[in-house]
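Step one of this worksheet: look at the structure below.
The values are calculated or read from the model by the stated rules, or taken from the named source; none is laboratory data. Note that the structure is a prediction, hence the values are computed from the model and not measured. As a convention, Cβ positions derive from the backbone with ideal geometry for all residues, glycine included, and neighbour counts pool all protein chains shown.
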Amino acid sequence: MRTLPLLRVCSLAAASLSLVLTVAPACFAQQTSDKSSYIELSWMRVRQDKLAEFGQLSARVAEANRRGKGDHWVAYQDLYGTDNQVWMVSGRQSLADIEPGMTKFTGAIKEFMGYSPEHFFAEASKTVEASGSQLWRHRFDLSWNVKDSADWEGRLAKSHYIAVITLRVRPGRMVETEKQIRTVADAVTAAKTETAGLVSQLIMGGDPGTFCVRIPLESVAGLEQMTSARQALGEEGYRNYSEMSEKDFASVEYKLKRIVPEWSSPPPSFIAANPTMWKVKAMAPAKPKPASAEPKPAASGG
């Protein structure tokens, strides 16, 4: 589905942090040269009594969007984390791609579902109790074993789960936090592990001072194979890291999310990399209701 803020509700050694961009130019000045360096993230908390309806609507919307060649997004559902929380995440090559993406999405929904934007959002809002949207920028300079956006998409396309670590930075500790994340990234890279961690920085739509690290996994068992900060840094390095964490981080949050292809409309690169997972079978059309039988005349009294 897309964002509502439902879906405009539209599209373990790691760390996820969000950054306050009180001075926007300073944030954008740190961009890498990689073109696809942003994501739009729509989050929603589904009502407990509307889980089935939400799933059905999400699948219908995703199929209509795919048929109409609309926008692209990947859907995630918390496996370990917040009950009934869902993400819809769209990659953006630049900020100029955001509005055209929404236009393509609403066009596809109108053509294949007959929904105007207002109608769609009204229907979607019936299934959620809270929602919102965020804009994040990838920080490849703080990530490990991820060369660029194409490399990241290739890894994500072959994954079924994603570990997410969110860090919220204490005021005035942004520079120290970036150094700390880079220290972990260098140590994990030096350990020659294949674990990849993509660091993203929140720039709009949330608490100031937040980073996020996402680690793709093929199975839940992959959690055991992740290189932890303690393993990568060693005992002395980890002791220093822990002391820095107390000074730098206001909070740290760990979640494991399941990727939901049926609710997604991924870019073609995902289907090419893993067609078994991402080629979703088309939904069967709804069966027409049988015509109701003509009521029989009431029998007359004798």
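List the pairs whose first member sits in segment 98-111 and is closer than 11 Å to residue 66 by Cα, whose second member is assigned to a helix (DSSP H, G or I) and not charged (D, E, K, R), and whose Cβ atoms are under 7 Å apart, counting only residues at least 6 apart or on separate chains?
These pairs meet every condition: 105/65; 108/64; 108/65; 109/61; 109/64; 109/65; 109/120.
What are the residues in segment 173-231 that are assigned to a loop (DSSP other than H, G, I, E, B), among the charged types (D, E, K, R) and over 19 Å from residue 249 (Cβ atoms), if any?
Residues satisfying the conditions are 192, 194, 218.
If a residue has to be surrounded by 14 or more Cβ atoms within 10 Å (Cβ to Cβ) and either assigned to a helix (DSSP H, G or I) or at pLDDT 95 or above (or both) to count, how many in segment 91-110 make the cut?
12
What residue, among those in segment 59-90 that are of a type in the set (A, V, I, L, M, F, W, C) and either more than 13 Å from the chain's Cα centre (by Cα) or loosely packed, with under 15 Cβ neighbours inside 10 Å (or both), is nearest to residue 117 (Cα to Cα)?
61
When you look at residue 163, is it surrounded by 20 or more Cβ atoms within 10 Å (Cβ to Cβ) and closer than 22 Å to residue 61 by Cβ, yes or no?
Considered against the rule, which asks whether it is surrounded by 20 or more Cβ atoms within 10 Å (Cβ to Cβ) and closer than 22 Å to residue 61 by Cβ, residue 163 comes out as no.
Can you find, within segment 167-198, the residue that is farthest from residue 141 (Cα to Cα) among those that are hydroxyl-bearing (Ser, Thr, Tyr) and crowded, with 20+ Cβ neighbours inside 10 Å?
Only one residue tops the list, namely 195.
Of all residues in segment 204-255 being of a type in the set (S, T, N, Q) and over 19 Å from the mean Cα position of the chain (by Cα), which is surrounded by the most Cβ atoms within 10 Å (Cβ to Cβ)?
227
Listed residues 195, 210, 166; which is under 23 Å from residue 79 (Cα atoms) and modelled with pLDDT under 90?
Of the residues listed, the single one that is under 23 Å from residue 79 (Cα atoms) and modelled with pLDDT under 90 is 195.
Assess whether residue 201 counts as being among the polar types (S, T, N, Q) and surrounded by 16 or more Cβ atoms within 10 Å (Cβ to Cβ).
When the stated conditions are applied, residue 201 passes them.
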